[in-house]
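Derivation of every value follows stated rules applied to the coordinates shown; laboratory data play no part. Because the structure is predicted, anything quoted here is derived from the model rather than measured. Note that each Cβ is placed from the backbone with ideal geometry, even for glycine, and that neighbours are counted across all protein chains shown.
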Protein chains: 2
Amino acid sequence: MKELTSFVSGTWISGKGKPAELVNPATEEVLATTSTEGIDFGAALAFAREKGGRALRAMTFAQRGEMLRAMSRAIHGKRDELLSLAIANGGNTRSDAKFDVDGAIGTLAAYADLAPELGDTHVLVDGDGVQLGRGARLFGQHVYLPREGVAVHVNAFNFPAWGLAEKAATALLAGMPVISKPATSTALVAHRIVEILIEANAMPEGALSLVCGSSGDLLDRLGGQDVVAFTGSSITAAKLRAGQSVVRDATKMNVEADSLNAAILGPDADEGSEVMNLFVGDVVREMTQKTGQKCTAIRRIYVPASRVAAVVELLRERLAAVKVGDPAREEITMGPVSTAQQLRDVREGIAKLESCAKVVLGGAKPIADKGFFVAPTLLQGDGPKPNDAVHTHEVFGPVATVMPYGSNEELVALVAAGGGGLVTSIYADDKDFVRRMVLALAPFHGRLVLGSSKVAGQSLPPGMALPQLVHGGPGRAGGGEELGGRRGMTFYMQRTALQGDRALLEAIAGKK
Amino acid sequence: MKELTSFVSGTWISGKGKPAELVNPATEEVLATTSTEGIDFGAALAFAREKGGRALRAMTFAQRGEMLRAMSRAIHGKRDELLSLAIANGGNTRSDAKFDVDGAIGTLAAYADLAPELGDTHVLVDGDGVQLGRGARLFGQHVYLPREGVAVHVNAFNFPAWGLAEKAATALLAGMPVISKPATSTALVAHRIVEILIEANAMPEGALSLVCGSSGDLLDRLGGQDVVAFTGSSITAAKLRAGQSVVRDATKMNVEADSLNAAILGPDADEGSEVMNLFVGDVVREMTQKTGQKCTAIRRIYVPASRVAAVVELLRERLAAVKVGDPAREEITMGPVSTAQQLRDVREGIAKLESCAKVVLGGAKPIADKGFFVAPTLLQGDGPKPNDAVHTHEVFGPVATVMPYGSNEELVALVAAGGGGLVTSIYADDKDFVRRMVLALAPFHGRLVLGSSKVAGQSLPPGMALPQLVHGGPGRAGGGEELGGRRGMTFYMQRTALQGDRALLEAIAGKK
């Protein structure tokens, strides 16, 4: 039995006490155990702040970019091993595992690519300076410098590789040391990634720590220069927001939580059109990839009333072809959900959705004796109201609901009833319809994907968070922002207005 | 006796029950009473969101700028009346009152000036777009649109005019309706300003509401599209951060709280030099303007050990000339603090500081039979440690402490011990010293003011928050950001990444 250790204060360390178990969700075999009891988180924080923070701040953006490049390459060098671990511990198909691991490699590389344009310097300049007085000499200039604390990253079980890497890439390029806490249930991949990075000597000492298991009193020990970035459920997010460091010391917190992402088929999309095909392909992929366990997966499908029957038929046909089973077998196209608890939650969630929609494929019933399997489940709702479960409850599995819409105003009100989401996708060639939807729905979303025949051949799926674009959303989605190139870095930095002699400010900001 | 009303749901309304009293802090005469008991805050929010939000979002940035211009002019037209109210209700000298009221007029005008460059459009474009795929067609573009909720502004007692106006200017230009809650004790000025603006018909209906007195259940009724901007104590800030809307619904919150702002005299500043004169002038002004009741006032004065005696002597001489009394009298240069509670807090605060420093001028002892008066109080500490009161407790009155420093590292550690501040000012011509200080202190501050002989003739005081530069600070200072031109507007807007056909995105973003 493998025992996972944590990497803190520059060393691998085991916890004491009763360990948590990590299982293969297809076979329920126990793969590893881990505990963090007895680990000195105060010392871990001090080590990261002092050793890691100091070392990172001494590096320029360009040097930090080289570090990210080395990290990306080290992970790429062990890609096959990581894919196998993801298949065993995550219930991932090989394709799911690639989405996670290649996402990690790619995001680290994208932030490495961003570094040269930030320069061989330590100061990130924010916009142009501004003359403050009547004379030309008195000037203001905003700059960003890294916060002098630790970035604690609390990641979700669904993306052990990408979650670790996308948050770490942003923080490390900004110049903040990271303590990363993967979800315990699927921590094998994250643990191996940190082993690989430490073996490769890719980062300075203290720049990256790993906590495998409970975070104990780690979060209560944070202060005003530290930050927390959390991905997970809105219930856990609410607990963390009420934590004493956040409330009392203004520890910055970024949250990415539940999201009832929508897909909208425009009134102009005919059956058999490129736009309709793009729409159906995206919905099926988003429902089944990672067994629907993506915060960006499509949960609500809005279709013109006259097209509901046709769309349900197309989706039912495609979803019926999905092969559910142990993803270690090559012919399987959808694995189990990740844990026994997730399976219970998905089944209860389907029952909730049935209060306002009916199952047209799949459903909550067991489909295997062993393993956390659930069938791809499509529901159809004829007129759910804004407060109904389909607009308020995220079912984190291969489950989505098709609903009709009438007027544009009604459609906007229904999508907005989700209370804030990560991404909604709009499939239409009618520019006026798309423009109206964008202006009305943007305040409720972090990202809007516009699928049209012009981009049908090269479109990227809505469920894929891109390093160039912000990932996050308001309200229910947590109110956070990650990625988006340098936008995501500013969470890890303090913006400071400098006010004084123009020549002096420009010298400090590296503008001359 | 004047009874203050609140302006909600498009009408002036009185509360029931036992009212709070507003007094003249120099004479303790009761000037007015107010209550909000029985006001339907649910209806007030709905009215602001539906009427105000809809009207503002229908306006372009240019049109909102014209609205701000009309607001600025309307207030300017009643300037003298407002100054008299501030003198009576705020304990302000005429100069203090101008700082507040002219700050309001100027900040509204500055945001009106900003509007034309944002354009005759509804979409705020965020940076350049980015090519996402191999082909040139698939593109990403970030845009900002106004949040579709209400901005609740909870202001501090010290700036009833500027506090209302600077927050409202930013929110209204962004396109969000405002419910403004001034501190009850000094609400006369804010109340009159809103009366003036309503009489002038400067804003569309629902765009600006006013709550004079307790906010009741207003804050618990907010949701994921609403925001709260708070200025006040860190204790109240902590309570608001733990509020159910913030914790559960990700209601965005911006806090500006306590700040132990520092002034640093560089090692190269000789007695009689321009830099030394600038330093002494700034310290005296920041200690006594508004009777030291400014979140940006200088609290900690760091001087090279060899210059402490000389600096204390210069400050003592200047502070001894301050005339304390009823600011209705023309010869008075410093009024009382604003409330009996403030006076108690300042006296207790001076006692706390005496645990690590000694009083060299003034002190906590009463100096008048009536009115909330306290003497300008200078303390000298010979070696306070980072955890001592001078670095951890804000005394919100005309009180500051002179301390020596040795090495640069020691100086940085002491300033940083303040736990995050709004502004620190550095007085030196030695460019290398200034550069080192800026890079080391920026992560702990929202603004750094660099006083040198090059700008001595035109320098703006550190205590003056400027519309062009961000106002806020990390940690103890609340972790917020206001103003800074369009930077402050983004709090009131949702940033959304649009992903799709380049030509379509550029049409929506108004780039072609």
- request: Please report, in Å, the Rg and the Dmax of the stretch B:408-512, where both are computed over Cα atoms only.
  value: 18.8, 56
- prompt: What Kirkwood hydrodynamic radius, in Å, does the stretch A:1-160 give when the mean of 1/r is taken over all pairs of distinct Cα atoms and then inverted?
  reply: 19.3
- request: Mind running the shape call on the stretch A:163-203? Use the C-alpha gyration tensor, a ≥ b ≥ c as the square roots of the eigenvalues: rounded below 1.5 for a/c, prolate if a/b tops b/c, oblate otherwise.
  value: oblate
field: Links that overshoot a 27 Å alpha carbon limit, given the list A:LYS167/A:LYS365; B:LYS98/B:LYS370; B:LYS18/B:LYS252; B:LYS78/B:LYS290; A:LYS294/A:LYS358; A:LYS511/B:LYS431
entry: A:LYS167/A:LYS365; B:LYS18/B:LYS252
query: Roughly how large, in nm² to one decimal, is the mean projection of the convex hull of the alpha-carbon atoms in the protein assembly as shown?
result: 38.8
Whole-angstrom gap from the stretch A:377-396 to the stretch A:180-201, using each part's C-alpha centre: 37
task: Could you tell me, in Å, what Rg and Dmax come out for the Cα atoms of chain B?
output: 23.5, 80
- line: Taking a ≥ b ≥ c as the square roots of the Cα gyration tensor eigenvalues, with a/c under 1.5 meaning rounded and otherwise prolate when a/b beats b/c or oblate if not, the stretch B:266-322 comes out prolate
message: Given 20 °C and 1.002 mPa s, compute D for the stretch B:323-462 with the Stokes-Einstein relation, Rh being the Kirkwood radius over Cα pairs; round to the nearest whole µm²/s.
response: 127
query: When the Cα atoms of the stretch B:278-386 are enclosed in a convex hull and the volume is divided per residue, what value in Å³ results?
result: 112
message: Considering only C-alpha atoms, what is the centroid distance from the stretch B:223-278 to the stretch A:244-265, in Å?
response: 22
field: Span per principal axis, largest first, for the Cα atoms of the stretch B:196-247 (Å)
entry: 38, 24, 17
message: Give me the base-10 log of I(q)/I(0) for the stretch B:146-258 at each q in 0.09, 0.16, 0.21 Å⁻¹, Debye formula, one uniform scatterer per Cα, rounded to two decimals.
response: -0.21, -0.69, -1.20
field: Selection from A:ALA190, A:ALA207, A:GLY223, by position along the positive dipole direction of the stretch A:170-226 (Cβ)
entry: A:ALA190
field: Cα pair count fraction exceeding 19 Å, expressed as % - the stretch B:1-92
entry: 62
message: Can you compute the helix-only [θ] at 222 nm over chain A? Use -39500 (n - 2.57) per DSSP H run of at least 4 residues, normalise by all residues, nearest 500 deg cm²/dmol.
response: -11000 deg cm²/dmol
Top positive-direction residue, dipole computed over the stretch B:368-511 with Cβ charges, set B:LEU414, B:PHE491, B:THR377: B:PHE491
query: Can you give the Rg and Dmax of the stretch B:454-500 based on its C-alpha atoms, in angstrom?
result: 15.3, 53
query: At B:GLU205, label 7 Å along Cα→Cβ: distances to the other copies, nm, ascending?
result: 7.0
query: How big is D, in µm² s⁻¹, for the stretch B:406-448 by Stokes-Einstein at 37 °C and 0.692 mPa s if Rh is the Kirkwood radius over C-alpha pairs?
result: 313
query: When the gyration tensor of the stretch A:351-418 is built from Cα positions, what are the square roots of 5 times its three eigenvalues, in whole Å, from largest to smallest?
result: 26, 11, 9
- line: Relative to chain B, whose Cα atoms define the longest principal axis, helix B:431-441 and its Cα axis are tilted in degrees, nearest 10, by 60
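Just to be sure I understand: if I project the alpha-carbon convex hull of the stretch B:218-340 onto a plane and average over all orientations, what area do I get in nm²? Show your work: numbers first, answer last.
Numbers: hull surface 45.2 nm².
If I average the Cα hull's projected area over directions, I get 11.3 nm².
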- line: Applied in sequence order to the stretch A:242-257, the curve 6.51 cos²θ - 1.76 cosθ + 1.60 (Karplus, θ = phi - 60°) yields integer Hz couplings, x standing for Gly and Pro, of 8, x, 5, 5, 5, 6, 8, 9, 6, 4, 5, 9, 10, 10, 10, 10
- request: Relative to the longest principal axis of the C-alpha atoms of chain A, give the angle of the C-alpha long axis of helix A:61-77, reported between 0 and 90° and rounded to the nearest 10°.
  value: 50
The stretch A:67-108: projected area of the alpha-carbon convex hull, averaged over directions, in nm²: 2.5
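Å³ per residue of the Cα convex hull, for the stretch A:67-147?
132
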task: Determine the dipole magnitude for chain A: charges of +1 sit on the beta-carbon of Lys and Arg, -1 on that of Asp and Glu, nothing else is charged, the reference point is the Cα centre, and the result goes in debye to the nearest 20.
output: 980
query: Hey, for A:GLU317 with labels 7 Å out along Cα-Cβ, what do the inter-copy distances come to in nm, ordered shortest first?
result: 9.4
field: Magnitude of the charge dipole, the protein assembly as shown, Cβ model with Lys/Arg +1 and Asp/Glu -1, debye to 20
entry: 60
- prompt: Any idea what the alpha-carbon Rg over 2.2 N^0.38 Å comes to for the stretch B:5-44?
  reply: 1.40
message: Around B:ARG285, under 12 Å between beta carbons, what's the net of Lys plus Arg minus Asp minus Glu among the other residues?
response: 0
query: Alpha carbon centre of the stretch A:70-146 versus the stretch B:423-488: separation in Å?
result: 28
field: Shortest-first distances to equivalent copies, position B:GLY127, nm, label 7 Å out along Cβ
entry: 1.5
message: Which residue, B:ALA86, B:ALA509, B:VAL438, has the largest displacement toward the positive end of the dipole of chain B when charges sit on each Cβ (Lys, Arg +1; Asp, Glu -1)?
response: B:ALA509
- request: Obtain the radius of gyration and the Kirkwood radius of the stretch B:413-472 from its C-alpha atoms and give Rg over Rh.
  value: 0.96
query: Suppose every K and R has +1 on its Cβ and every D and E has -1 on its Cβ; what is the size of the dipole of the stretch A:199-346 about the Cα centre, in Debye to the nearest 20?
result: 460
query: Roughly how tilted is helix B:94-118, in degrees to the nearest 10 and between 0 and 90, from the longest Cα axis of chain B?
result: 40
